[in-house]
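Engineer: To start, I am sharing the structure in question, which I have written as structure tokens.
Any read-out appearing in this document is the output of simple, stated calculations on the displayed coordinates, not a laboratory observation. Because the structure is a prediction, the values reported are computed rather than measured. Note that we place each Cβ from the backbone using ideal geometry, even for glycine, and neighbour counts take in every protein chain shown.
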Amino acid sequence: MKITYKKLEIEDEIRGKAYVHWKAWHEAYADIVDPQYLEKLTLEKCESIAMTWRENNVIALDGGSVIGFACYGPCRDEDLVNAGEVSAIYILSEYYGQGIGCRLMQEAMAELADSNSIVVWVLAENARAIRFYERCGFAADGCEKVATLGSPVRVVRMVLKLQRS
């Protein structure tokens, strides 16, 4: 297995990203998010999202198949100045524990290197993701919100302060 990383470019990669988005949500959030919400998150809906949001994506490929991705850009939170955000990072479950998420995070963080800090928002009940972000150097900063994903779920903000040389 040789995993490669690159920016999202061609239509097959966009469809691959959509599949990972759809599959990863159903794998990771089955016990966290309202099942009716997940039922409505179809592959077609994920393809529409992927076609709309083509910029600022890095993908992981196993051969020619997309197995993971990360989305990044300026932070959407008004209370943070010059912050970047990793707005999504998903990997197919059969690739967990192989360092692919860490590498995707590194690739996204490299694109955000001019930021003072990087933000991720994570479902409070997603212990696996929280541990992953902590290993990447992120820490909860006390900011929370409620997202409606069929039913209300608590989301916490985690921040990584970047060192300036």
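Engineer: Could you tally the net charge around G68, taking each other residue with its Cβ under 15 Å from the Cβ of G68, Lys/Arg +1 and Asp/Glu -1?
Structural biologist: That works out to +3.
Engineer: Residues in the stretch 92-119, backbone N under 13 Å from the label point at K161 (7 Å along the Cα-to-beta-carbon vector): list them, ranges by number please.
Structural biologist: Inside the label zone: 116-118.
Engineer: Could you tell me the calculated FRET efficiency between Y96 and K2, based on Cβ-Cβ distance and R0 = 22 angstrom, to the nearest 0.05?
Structural biologist: So, using R0 = 22 Å, E works out to roughly 0.75.
Engineer: Lysine pairs in the chain with alpha-carbon atoms under 24 Å apart, 8 or more places apart or on different chains: how many are there?
Structural biologist: Taking the Cα cut-off of 24 Å, the pair count is 14.
Engineer: Related question: Rounded to the nearest 500 deg cm²/dmol, what is the calculated helix-only ellipticity per residue at 222 nm for the chain, with -39500 (n - 2.57) per DSSP H run of length n ≥ 4?
Structural biologist: Value at 222 nm, helices only: -10000 deg cm²/dmol.
Engineer: Okay, next question. Work out how much length E27 to D114 would gain on full extension: take 0.36 nm times their residue separation and subtract the Cα-Cα distance, in nm to one decimal.
Structural biologist: Details: separation 87, 0.36 × 87 = 31.32 nm, distance 3.35 nm.
In short, 28.0 nm is gained.
Engineer: Relative contact order of the chain, please, whole-number percent, based on alpha carbon pairs below 8 angstrom and at least 6 residues apart.
Structural biologist: This gives 21 percent for the chain.
Engineer: Could you put E13, E111, E85, E78 in order, starting from the residue whose Cβ has the fewest other Cβ atoms within 10 Å?
Structural biologist: Sorted ascending by nearby Cβ count, the order is E78, E111, E13, E85.
Engineer: If you don't mind, another one. Take the chain, mark every one of the trypsin sites (Lys or Arg not before Pro) that falls in a DSSP loop and has at most 10 other Cβ within 10 Å, then report the longest stretch left between them, sites excluded.
Structural biologist: 3-163
Engineer: Sticking with this one: With a 10 Å Cβ neighbour count serving as the proxy for reagent exposure, in which order, fewest first, do V159, V86 appear?
Structural biologist: Arranged by neighbour count, lowest to highest, V159, V86 become V159, V86.
Engineer: Let me ask something else about it. Can you give the extra length, in nm with one decimal, that the chain gains between T148 and R131 once fully stretched, where that is 0.36 nm per residue apart less the Cα-Cα distance?
Structural biologist: Here the segment from T148 to R131 would lengthen by 3.8 nm.
Engineer: Express as a percent, rounded to the nearest 5, the fraction of DSSP beta bridges in the chain (both residues included) that run antiparallel.
Structural biologist: Roughly 90 percent of the beta bridges in the chain run antiparallel, per DSSP.
Engineer: Rank the residues I59, I32 as a footprinting-exposure proxy: fewest other Cβ atoms within 10 Å of their Cβ go first.
Structural biologist: In increasing order of surrounding Cβ atoms, one gets I32, I59.
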